[in-house]
Structures are given as structure tokens and as C-alpha cells.
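Just so you know, all these numbers are worked out from the coordinates, no wet-lab data involved. These numbers come from a predicted model, not from an experiment. A quick note on method: Cβ atoms are made from the backbone with ideal geometry, for glycine too, and the neighbour counts reach across all protein chains shown.
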């Protein structure tokens with residue numbers, strides 16, 4: 001009897017969590033159809049004009065392009081660096097492998113803000129003024145721990161005799177990685193890539209200190225929009241991003257399984 | 001390519017240390033074309049290490065390995081043209097049966113048509129022609145084993161290496177595969193090396209058996225010879241059953257020794273000085289109940305009889321806690337029961353003397 | 001022609017070779033983090049103690065000595081504590097329900113957890129300002145349900161801040177606990193029942209301790225995220241609730257006082273390190289049990 005009450009209570013909490021988490025998203029989606037230029041819920045009719053205005057936002061396309069470039073490049077770099085490190089930790093028989101693994105994942109727990117100002121000072125001190133490159137370096141620091149965490153866990157479960165088999169069948173080590181490891185570990189790569197991409201695309205605490213007037217990532221641009229003139233265009237933009245994420249999540253579920261991402265890949 | 005009567009594979013003085021222990025200690029082995037050789041021994045004897053060295057997955061500290069006249073000691077595995085069948089099969093989970101078998105052929109850059117023909121041939125050799133499109137996860141253990149075999153064969157390697165490849169199968173399947181595998185290898189004229197700890201498998205499948213212990217090869221010979229004429233106490237103990245009786249040499253000459261044991265004076269084949277501590281050994285199938293004494297004899301009481309279908313294993317307790325092990329056919333003349341007193345005799349020519357390792361050389 | 005019988009010259013044992021290959025694979029990542037993560041943080045530490053005339057601790061003195069800034073630090077800690085406790089209270093039972101779900105329901109629920117992570121904090125926080133305004137939804141619902149008569153001021157209050165903060169960081173509490181709960185063996189509760197334990201006791205004595213690693217991970221993550229939160233307090237409460245994060249931002253972007261900003265950053269960093277080390281220690285102890 002008490003078990004049933006407990007289960008009901010648990011489900012009530014779960015539903016509460018869902019409603020709580022989804023409400024701001026629904027508000028955003030609703031606000032995007034507002035007929036008036038006020039960022040508020042649509043009263044008296046709906047309008048799609050804010051969606052049309054997205055591309056007209058000042059500096060929108062460069063910001064989007066920059067965010068996409070940074071996300072893709074930092075994810076690619078982190079995947080390369082993180083996979084190599086994971087292979088080393090899984091096979092290298094190194095003493096202190098666990099400490100090294102912790103060290104690789106540690107930037108996750110550091111406040112992004114602190115990392116931002118630290119990098120700002122550092123780049124200035126060494127005279128590294130190329131904003132785009134500085135942002136890239138910062139984003140690799142941000143994304144590498146996500147990738148390392150997922151790949152270390154995935155690599156620990158990888159059967160390395162598959163690599164030996166590939167080598168006896170005519171593959172060099174690099175070819176074996178391409179033809180056997182990557183396809184077999186595809187779920188881990190996908191999860192790592194997804195987390196890394198989102199971490200970079202949505203990042204603001206590190207980016208806010210490294211962007212300048214001409215080079216802004218999308219989240220920083222959105223902060224600027226909110227400061228200056230918050231109209232429903234912002235809501236329309238966010239809604240589009242949400243829809244894109246839904247598609248991404250459905251694809252991930254089909255390919256890998258969301259429960260896998262939440263369980264061990266996370 | 002070396003001429004057919006030259007050795008196909010030569011292992012020369014190969015050694016490897018792991019810390020202070022010798023994993024392999026100056027191992028020499030020569031294998032001819034088309035020969036099926038088994039490396040037999042307990043865990044840790046170095047047999048798997050040696051096999052992996054031939055494949056290039058590990059490298060020796062000292063020594064050389066030659067394949068078809070070519071020194072391959074430093075050649076990486078992907079250029080050695082050896083086929084390797086792993087204990088866990090190591091089939092690629094993301095490829096179908098066809099994809100797995102074709103893998104090595106793709107590495108060698110063969111054309112689509114060539115690959116297709118080779119895969120079909122390999123699959124038909126292992127009787128899996130119709131499973132090309134199947135996913136690995138949907139295969140049974142026996143089927144996976146065959147796919148692993150087909151994959152190794154498809155590239156027509158110089159030599160095939162099997163690392164305990166049958167140990168994951170259940171007993172009946174295993175015995176069937178042993179026979180099938182031997183026929184298949186003969187059919188394609190392959191040179192093959194097996195690693196196993198199962199002496200029955202070694203005796204069934206091989207042209208020659210190399211018994212290994214502590215990084216050294218104790219004996220390399222045909223199965224018949226390894227069984228009936230073991231070169232060392234270890235080989236005697238590891239392959240087959242035996243009766244072992246310790247004693248001291250009382251007289252010796254012309255390849256024979258007279259030995260004093262707890263059950264009396266026995267004669268054996270061997271060369272020792274008088275007074276040397278030895279262990280006499282004889283295989284159980286040679287002990288027979290005898291009316292008239294001939295060769296070596298001993299009396300005792302039957303302690304246990306273990307039924308094995310075609311024959312039985314009988315333990316006889318003789319004088320001074322010496323145990324005799326006899327194997328008799330279960331035909332109508334078998335009358336012994338537990339507790340019976342009996343007298344057994346066996347030929348001197350099948351009695352061997354080995355140095356006694358435990359008697360402080 | 002057979003090769004001469006002389007043995008090949010000795011090689012390094014392959015164990016050393018495997019290890020040096022492993023180090024070669026690790027080197028890029030470790031080197032990168034050393035140059036782009038460790039060094040900047042060390043530099044930050046250096047900046048925090050370098051005044052106009054050499055080594056000086058004046059920033060720390062201001063930060064840790066003034067009532068105002070001590071209050072700021074306490075604000076950040078308080079926000080983190082409240083957020084963590086509330087998030088844990090809701091997330092814990094929810095994780096259990098989530099773990100029992102299967103199929104479409106489970107996918108849908110998990111999507112609800114992942115989806116907010118993709119929406120920018122900035123937009124979510126702004127959405128909360130809409131929700132909590134005097135004429136916002138929450139007020140309208142409360143009035144419709146006759147809980148209150150007139151709209152209450154929710155925006156720019158600590159309550160709004162905590163609610164918004166919990167909203168942003170809740171998924172980070174649910175997911176680690178969920179990960180651990182899914183790995184629990186159902187039969188443990190059954191075993192406890194056969195041994196005569198009543199369900200509540202069995203739950204408290206067996207299930208709860210086993211979920212501790214997930215709880216610790218979630219608590220550590222949410223706490224360290226909340227203590228350094230910037231956008232959420234800025235948008236939901238602004239100047240009324242200064243935090244360490246806003247102090248850092250102000251010092252760098254407005255006041256141009258890098259030493260002070262660095263000192264505040266170091267304090268925040270130390271708090272995060274304490275949280276991580278404590279949680280690692282606690283988790284280690286749980287795993288040893």
C-alpha cells in the first residue's frame with residue numbers, strides 16, 4: 001500500500017518536473033506568435049511576422065555563422081584529442097590513469113565565468129589578439145571535458161581484440177580506427193559530439209569575455225538583443241532553435257537511444 | 001616464396017621477458033608446408049604469446065621468425081599475411097557476415113568481383129553460403145566460429161593461427177568442429193598452428209604436437225609419439241594418464257635400469273647411474289590382470305572403478321600406498337569389483353624412467 | 001637461404017612501447033589543457049595578488065573583509081544552497097518515476113529533460129520574467145484559482161530568483177540520479193522483503209545508500225553551476241541581489257579592476273574546487289562500501 005503511494009508521489013513529482021521545465025519553453029513558443037511588438041503572450045490573434053524578421057536582425061547571420069563554426073570545429077578538435085586520450089587510458093596500462101581521467105574532465109566543474117576572465121587575461125598577456133582563434137581555443141577547453149568523459153567511458157567497454165583482428169586482416173593502426181573503432185563506438189562518438197556541440201553553441205560565460213564588438217557568438221548577440229530591444233523576434237529565434245533541437249533529439253534517439261545518453265554516456 | 005620442401009615457418013631462439021619472468025625462453029620450432037601443429041600446455045606456458053608473435057601482435061626480445069624464407073620478425077601484422085582466429089572470434093559487430101569475411105580482401109584492394117568470389121568460396125568452405133547478409137549478433141556460437149574461420153581463410157594467408165578458437169563451443173560441437181576443421185585445412189592445403197590447453201584436441205587435430213611448459217618447448221613430435229614416448233615427466237603428466245612410482249636405481253646397462261621401489265624391483269627403459277632417484281611411469285592401457293607373471297607386476301586391492309563407456313579406469317591400491325592406474329576395455333570378460341584383490345602385469349618396454357625432480361638432484 | 005642463427009639485437013620490451021605510445025596519445029590533450037586551462041588559472045591567481053606596486057592582498061582584503069562583499073559571497077552560496085536543496089527534493093522522486101518508464105513514455109520524459117538544455121539560459125530566464133510579471137501567467141492563474149486577490153510582485157524577488165535558478169539547473173540534478181537508479185537491481189527490494197524488512201525501512205536502508213553516488217554527483221554539479229550563475233540573477237533580480245559572478249563581470253567589463261575581478265574569480269574557483277573535492281571524497285567512500 002505504501003509502495004503504491006510512494007510510486008504515485010514519484011510520478012507526481014516527475015509530472016511536476018516536466019511541467020516546470022517545459023513552461024518557459026512554451027512561453028517562448030507562444031510569445032513568438034505575438035501580434036504586438038511586445039515580448040509577451042499573444043493576446044488577440046497570432047502572427048508569424050517575427051519569424052520573418054529573424055534574418056533581418058542586426059548581425060544575426062554573422063553571429064549564427066560564428067557559433068556554428070566554433071561548435072563544429074571545437075567538437076571536431078575535442079573528438080580527436082579526447083578519443084586519443086581515451087585510447088591511451090584504456091590500453092596504456094598507465095599508473096595514475098584515474099587521476100589523469102579526472103584531470104581531463106575537471107574543467108567541467110570550473111565556473112565558466114572564471115575560465116572566461118582567466119583566458120581573457122592570459123591571451124592579453126601573451127599578445128594573442130586574434131579573436132576568432134581565441135574563441136576557438138576557449139571553446140575547445142569548454143568542450144574537451146564533455147568529450148573526454150563520454151569517450152573514456154565508452155572506450156573502457158570497447159573490445160580491443162577487434163583492433164587486433166583488423167590488423168591481422170591488413171589494416172594499419174589508423175585504418176583499424178577508421179574501419180573498426182569508429183563504427184563500433186559510433187554511439188559514444190554521437191553522444192560526445194552532441195554534448196560537445198551544444199556546450200559550445202550555447203556557451204556564454206566563457207564567450208562573453210572573449211567576444212568583441214565585431215565578433216559575437218549567437219548567445220552573446222541574444223544578450224545584446226535583450227538589453228537593447230527585446231521584441232518577439234527573439235522568441236521566434238529561440239523557438240526555431242528549440243524545434244531544431246527536437247529534431248536532433250529524435251534523431252539521436254533513433255540512432256543511439258536517449259536512455260543511453262542519459263544513463264552512461266552522460 | 002620458398003620451395004615446398006623448405007620449412008614454411010621457422011621460429012629461431014625466440015625469447016621474451018616480462019619483468020624477471022621468462023615468458024618465452026629460447027624457443028625453436030620449424031613447421032613444414034601444409035603441416036598442422038598444436039602448441040599444447042597449461043596457462044602461462046607461453047603458447048599464446050608465441051602464437052601472437054607469429055602474427056605480429058607481440059614482438060620478441062630476442063630471436064627471429066621466418067615465414068616462407070622471409071624474416072618477418074620486425075614486420076607489422078598488417079603486412080604479414082597470416083590469418084588469426086581469436087578465442088572470442090572478434091567479429092566486427094557493425095558488419096554483416098559478408099562484410100566480415102570481405103574485410104581482409106578489402107584491405108588488400110581487391111576488385112569487387114574478386115572479393116565476391118573469394119567470400120563465396122570461403123563461406124562455402126565453412127558451410128555458411130546462405131548467411132552472407134546476416135548480422136553477427138543474430139548468429140549462434142558455432143556459426144560465429146565458422147565466420148571467424150572464413151574471414152581468416154578468405155585472404156588465403158601463408159599460415160593460419162588459432163588461439164583456443166574452439167574453447168567457447170560446447171563439447172559435442174567442439175568435437176565435430178575439430179574433425180571438420182582438420183578436413184577443411186587439409187582440403188585447402190593450409191599450414192596451421194593451434195594453441196590449446198586441451199590435450200584431446202591436440203592429439204586429434206595435429207600432425208605434430210609441441211608441448212610447452214614455463215616458456216620452453218618440452219617435446220615436439222607426432223601425437224602418437226608424444227603420448228607413448230613422452231620426453232619428460234611434465235609431458236607424461238600433462239598428456240594422458242599414467243601410473244607413477246618413485247624408486248632408486250639399483251642396476252643399469254644397455255638402456256635398461258633395475259629400480260627398487262616400494263612395490264618391489266621393477267625394470268624400465270632409461271639411462272641412469274646406480275643410486276639415482278627416478279620415477280617410473282606407465283600408461284594405464286598397458287596394465288592387465290595376468291595369470292602368469294611377465295614384465296613388471298604388482299598386486300593390490302581395487303579401490304575405485306570409473307566407468308567411461310567403452311572402457312573403465314581402475315584404481316588399485318598396492319603396497320605402501322602406491323596407486324596403480326589401469327584402463328580396461330568393458331567387454332564381457334571384465335569382472336573386477338571394488339575391493340577385489342588382483343594382480344596386474346605390464347611390459348618393461350612401456351615402462352619409462354624419469355629423473356625424480358623432488359628428490360634433491 | 002636460411003638466415004644466420006645469431007639472435008636479433010635486443011629491443012625494448014613491448015610493454016614500454018605500449019606505454020610510450022599511450023603517453024604520445026595523451027600528450028596533445030594534456031599539453032593543451034596545461035597551456036589553455038591550467039596556465040590561465042595560475043595567471044589569474046597571480047593577477048589577483050598583483051597590485052600597482054608589486055605583491056598585494058588588497059583585493060582579497062576588500063573581498064573578504066568588507067561587509068558588503070561578504071554579503072555578496074553569502075548571496076552566491078545561499079542561492080546555490082537553496083537551488084540545490086529544492087532541486088534535490090523534486091528530482092529524487094522524479095528520477096525514480098523516470099526509471100520505471102519504458103518505451104515512448106520514457107523517450108518523451110527524457111526529451112523533456114534534454115530539451116531545456118538546448119534552449120539558451122538567456123531566453124529561458126527572460127521567459128521567466130514574462131511568467132512572473134504582475135500580469136504574467138502565474139499571477140493570472142493564482143487569481144483565477146482565488147489563491148490571491150491581487151497580483152503579487154514576484155519578479156525581482158529572491159523567490160523568483162530561486163524558482164528560475166531551480167528551473168535552469170533541475171535537469172543537471174535529475175540526470176545523474178536517473179543514471180544511478182536505472183542501474184539498481186529490482187531484486188534488492190525483493191531480497192529485503194524476504195528478509196523481513198518493511199518497505200520503508202528497506203528503501204531507506206538499501207535503495208537510498210545505493211543512489212548516493214548519483215545524488216552526490218548531481219548535488220556537486222548543481223551547486224557549482226548555481227554558485228557561479230550570472231545570467232539568471234542578472235535578469236531575474238538584477239542589482240538587488242549581487243553575486244560573485246556579477247561582481248566579476250562588473251570588475252572586468254565596467255570598473256576595469258582586473259585585480260579585484262581576479263580575486264573574486266579565485267574565490268569562486270576555490271568554492272568550486274571544495275565542492276568537487278568533497279563530492280569526490282564522499283563518492284569514493286560510497287563506492288568503497
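For chain B, the longest principal axis of the Cα atoms and the long axis of helix B:97-107 meet at an angle of about 70 degrees.
The share of Cα pairs per 5 Å bin across chain C, counted from zero up to the longest distance, runs 1, 5, 8, 10, 11, 12, 12, 10, 9, 7, 5, 3, 2, 2, 1, 1, 0, 0, 0, 0, 0 percent.
Note on region A:5-100: along the principal axes its Cα atoms extend 67, 54, 15 Å, ordered by decreasing extent. Sorted from greatest to least, the principal axis extents spanned by the alpha carbons of region B:121-264 come out as 71, 29, 25 Å. Short-range pairs are left out: with C-alpha atoms under 8 Å and at least six residues apart, the relative contact order of chain C is 27 percent. Taken over the alpha carbons of region B:9-237 as equal point scatterers, the Debye sum produces base-10 log I(q)/I(0) values at 0.15, 0.17, 0.18 Å⁻¹ of -1.00, -1.25, -1.36.
In the calculated pair distance distribution of region A:113-203, what percentage of Cα-Cα distances lie above 20 Å? Of all Cα-Cα distances in region A:113-203, 52 percent exceed 20 Å. Averaging the sequence gap over all C-alpha pairs within less than 8 Å and six or more residues apart, then dividing by the number of residues, gives chain B a relative contact order of 15 percent. Packing order of peptides B:307-317, C:68-78, highest average first: C:68-78, B:307-317 (average count of other Cβ atoms within 10 Å over each peptide's residues). Kindly identify region B:201-312 as rounded, prolate or oblate by the Cα gyration tensor criterion: order the square roots of the eigenvalues as a ≥ b ≥ c, call it rounded if a/c is under 1.5, otherwise compare a/b with b/c, prolate if a/b is larger, else oblate. Oblate. Stokes-Einstein diffusion for chain A at 10 °C, viscosity 1.306 mPa s, with a Kirkwood radius from C-alpha pairs, works out to 75 µm²/s. Taking other C-beta atoms within 10 angstrom as a stand-in for reagent exposure, C:90, A:182, C:141 fall in the order C:141, A:182, C:90, fewest first. Residue ranges A:88-98, A:111-121 sort as A:111-121, A:88-98 when ordered by packing (mean number of other C-beta atoms within 10 Å per residue, highest first). Using all pairs of distinct alpha-carbon atoms, the Kirkwood hydrodynamic radius of region C:161-289 works out to 17.2 angstrom. Mean per-residue shielding of peptide A:218-230 is 3, counting Cβ atoms of other chains within 10 Å of each Cβ.
Between 0 and 90 degrees, the angle of helix B:141-154 with respect to the longest Cα principal axis of chain B falls at about 60 degrees. Helix-only arithmetic for chain A: the sum of -39500 (n - 2.57) across DSSP H runs with n ≥ 4, divided by the residue total, places the mean residue ellipticity at 222 nm at -22500 deg cm²/dmol. An ellipsoid equivalent to region C:58-139, defined through the eigenvalues of its Cα gyration tensor, has semi-axes of 36, 19, 13 Å when rounded to whole angstrom and sorted largest first. Secondary-structure-derived ellipticity at 222 nm for chain B, considering helices only, amounts to -7000 deg cm²/dmol, per-run term -39500 (n - 2.57) for DSSP H runs with n ≥ 4. When only alpha carbons of the protein assembly as shown are considered, Rg and Dmax amount to 37.5, 121 Å. Between 0 and 90 degrees, the angle of helix A:2-31 with respect to the longest Cα principal axis of chain A falls at about 60 degrees. The antiparallel fraction among DSSP beta bridges confined to region B:9-237 stands at about 55%.
Other protein chain C-beta atoms within 10 Å of residue C-beta, averaged over C:47-54: 1. For chain C, adding -39500 (n - 2.57) for each run of n ≥ 4 DSSP H residues and dividing by the number of residues yields -24000 deg cm²/dmol at 222 nm. Anisotropy class assigned to region B:292-333 is oblate, per the alpha carbon gyration tensor with a/c at or over the 1.5 cut-off and a/b no larger than b/c. Within 10 Å of the Cβ of each residue in A:155-168, the mean number of Cβ atoms contributed by other protein chains is 6.
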